[in-house]
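See structure below.
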Amino acid sequence: MRADLLLEPVPGLDEALTAVTAFDRTLAAGLLRPSPAQGAGLAALADAVVASPLAARTAEAADRAAAGTAGEDDFLVLAASRTALLGAVHDALADRIDDATGRPRPADSAVPAADGPQAVNLLAAARSWLADLARAGWQGLDHELVAGAAPIVSAMLPDPVLRRPATLLDGFAAELAASCPGTALDRIPLRRWADLWSRALLLTEPGALGAPATDTVTGRLLPLGVDLHEHATAAQAQVHAVFEPADGSAPRLVRASVAVPKPDTVVGAGVWQLLRPHLSLLAAAGEGRAMDLTDMPVTAEGDLLWNDAHARPGEPADAFATARIALPTAVAATTAPLDRHPARITVPVLLEGYTVHQDADAVTFTVTGQPVTVDTDRIPAAGPLGPEAVAASSACIGLLRWDAGQFTVQPLAVETTVKRKTVAVHAGAWAGGTADKNGAKAEKAATEAVAMLRERAGRLLRK
């Protein structure tokens with residue numbers, strides 16, 4: 001990998017992000033009675049898209065917002081322009097990664113069509129609530145305003161088509177409620193809340209909730225590593241892999257994910273037992289084994305819609321052998337327009353021949369003479385991989401990300417030397433089960449916690 005390309009400035013990137021930040025600041029104080037500074041932020045957004053098809057409509061919306069007369073359609077246009085700018089940033093960074101890794105660029109795919117009839121009245125209600133948020137601003141948050149999302153979410157959740165925006169609105173409202181009143185906030189997560197607001201607003205547009213275009217694939221799946229996300233009440237595991245089609249065509253980068261609710265008492269390695277029953281691929285990844293797929297559904301974005309009926313365990317497959325042989329020629333999937341955001345960049349890479357600098361838990365790889373920051377904070381506690389193993393490594397399979405203005409690598413697995421032997425340490429090594437003392441202890445504690453909660457739930461239901 002040409003690490004030097006990851007350090008070179010990307011033309012236009014800083015200007016695009018500056019315009020996004022200027023708009024994000026306008027949402028802090030609200031757009032009911034905008035100040036001149038807020039008007040300047042709105043004008044900056046309009047100027048940034050002046051060469052795009054959004055130019056005229058964005059200029060009109062920005063003018064009305066600056067005058068305090070913006071309607072719901074104006075907020076939708078502003079959200080669309082902001083999303084388009086971040087999409088351009090995503091595409092520029094993705095092109096830079098393709099140049100650095102030398103992999104073929106993915107072909108563009110068609111935008112999916114709308115998924116049948118939608119409850120337009122509920123989408124309109126959600127848009128109205130989001131417009132009220134923009135007028136009040138983050139500093140104007142109060143519990144009455146935030147609570148306005150509850151009946152909308154309750155009405156949306158039973159409809160499978162609306163479950164995506166309902167989940168987003170529910171989580172967004174919960175986060176805002178925890179921050180009320182807005183006048184007492186010392187620090188506002190401007191980028192995050194503007195991201196959630198913009199995405200939620202665009203999902204209220206009829207046609208934005210189209211079902212992902214799907215196909216089926218047959219061939220061999222070679223896991224590279226497992227990325228685990230854990231929160232107090234939910235957990236998600238995402239397996240990154242290379243898929244080799246049976247017809248001999250070019251290998252592809254794909255993902256398979258599973259998410260489950262969890263009690264806040266289940267932590268660490270105990271999370272795996274909640275995830276494992278829903279995705280047999282986790283056991284294969286933990287055991288270092290390939291999976292043979294037959295007619296497995298897959299989206300245009302490379303997400304496998306996992307169904308155990310279409311998969312069976314294959315032969316042993318070493319992740320580092322896969323990374324060295326198959327990964328360099330694997331074609332990445334396209335990214336849907338609404339999903340084009342710098343935070344969505346997660347590209348599997350193999351790093352070798354680097355030197356390591358460690359300062360406490362901060363680790364930096366020097367690759368071809370260039371420093372690459374290692375994001376050890378993203379390594380899950382539910383596995384044997386830690387900063388020490390990363391610092392002692394000679395090879396690393398990781399996810400290339402872009403965060404806080406720089407490219408970073410999140411380790412999924414490393415090769416290190418133990419007693420003069422090269423061994424691999426995987427973040428997802430315990431995904432399929434473990435005999436490790438610490439991992440087994442955590443699994444046992446999780447089993448007891450889940451059993452107790454089930455017993456209590458049973459008592460409540462019987463009453």
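Of all residues assigned to segment 336-351, none qualifies as being surrounded by 15 or more Cβ atoms within 10 Å (Cβ to Cβ) and over 23 Å from the mean Cα position of the chain (by Cα). Cβ-Cβ distances below 6 Å connect the following pairs, each with a first residue in segment 66-94 that is at negative phi, a second residue that is modelled with pLDDT of 95 or more and of a type in the set (D, E, K, R), and a separation of six or more residues or different chains: ALA70/ARG64; GLU72/ARG127; ASP74/ARG64; VAL77/ARG57.
Would you please name the residue that is surrounded by the fewest Cβ atoms within 10 Å (Cβ to Cβ), looking only at residues in segment 249-265 that are closer than 14 Å to ALA234 by Cβ and among the small types (Gly, Ala, Ser)? Checked segment 249-265; the qualifying residue surrounded by the fewest Cβ atoms within 10 Å (Cβ to Cβ) is ALA259.
One line per residue, one yes/no per condition, for (1) of a type outside the set (S, T, N, Q); (2) in contact with a helix residue (DSSP H, G or I) (Cβ under 9 Å, 6 or more places away or on another chain):
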| residue | (1), (2) |
| --- | --- |
| GLU287 | yes, no |
| ALA290 | yes, yes |
| MET296 | yes, yes |
| THR299 | no, no |
| LEU305 | yes, no |
| ALA309 | yes, no |
| GLU315 | yes, no |
| THR322 | no, no |
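For segment 410-437, the set of residues classified as at pLDDT below 90 and within 10 Å of VAL390 (Cα to Cα) is empty. Summed over segment 197-222, residues that are buried (at least 19 other Cβ atoms within 10 Å of the Cβ) and more than 21 Å from GLU301 (Cα to Cα) total 4.
Within segment 173-225, restricting attention to residues that are part of a helix (DSSP H, G or I), at pLDDT 95 or above and of a type outside the set (A, V, I, L, M), the residue that is nearest to ARG378 (Cα to Cα) is ARG192.
Scanning segment 1-15 for residues that are within 30 Å of LEU327 (Cβ to Cβ) and assigned to a helix (DSSP H, G or I) gives ALA3, ASP4, LEU5, LEU6, LEU7, LEU13.
Residues in segment 25-49 that are small (Gly, Ala, Ser) and outside any loop (DSSP other than H, G, I, E, B): ALA28, ALA29, ALA37, GLY39, ALA40, GLY41, ALA43, ALA44, ALA46, ALA48. With respect to the stated conditions, HIS229 is loosely packed, with under 15 Cβ neighbours inside 10 Å and under 18 Å from the mean Cα position of the chain (by Cα).
Yes/no matrix, rows are residues, columns are (1) in the same structural domain as GLY87 (by TED's automatic domain parsing); (2) closer than 30 Å to LEU196 by Cα; (3) among the small types (Gly, Ala, Ser); (4) at pLDDT below 95:
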| residue | (1), (2), (3), (4) |
| --- | --- |
| ASP292 | no, no, no, no |
| ASP295 | no, no, no, no |
| GLY302 | no, yes, yes, yes |
| TRP306 | no, yes, no, yes |
| HIS310 | no, no, no, no |
| THR322 | no, no, no, no |
| THR335 | no, yes, no, yes |
| LEU338 | no, yes, no, yes |
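Looking at segment 355-370, which of the residues that are in contact (Cβ under 8 Å) with a residue 40 or more places away in the chain and outside any strand (DSSP E or B) is surrounded by the most Cβ atoms within 10 Å (Cβ to Cβ)? Taking the candidates together, the pick is THR368.
The condition of being surrounded by 16 or more Cβ atoms within 10 Å (Cβ to Cβ) and either touching a residue at least 12 places away in the same chain (Cβ under 8 Å) or of a type in the set (Phe, Trp, Tyr) (or both) holds for ALA290. Within segment 50-83, the residues that satisfy the criterion of being surrounded by fewer than 24 Cβ atoms within 10 Å (Cβ to Cβ) and assigned to a loop (DSSP other than H, G, I, E, B) are VAL50, ALA51, SER52, PRO53, LEU54, ALA67, GLY68, THR69, GLY71. Of the set (1) in a helix (DSSP H, G or I); (2) surrounded by 14 or more Cβ atoms within 10 Å (Cβ to Cβ), all apply to VAL242 but (1).
The values are calculated or read from the model by the stated rules, or taken from the named source; none is laboratory data. Predicted, not measured: the structure shown is a model, and the values here were computed from it. Note: ideal-geometry Cβ built from the backbone for every residue, glycine included; neighbour counts use all protein chains shown.
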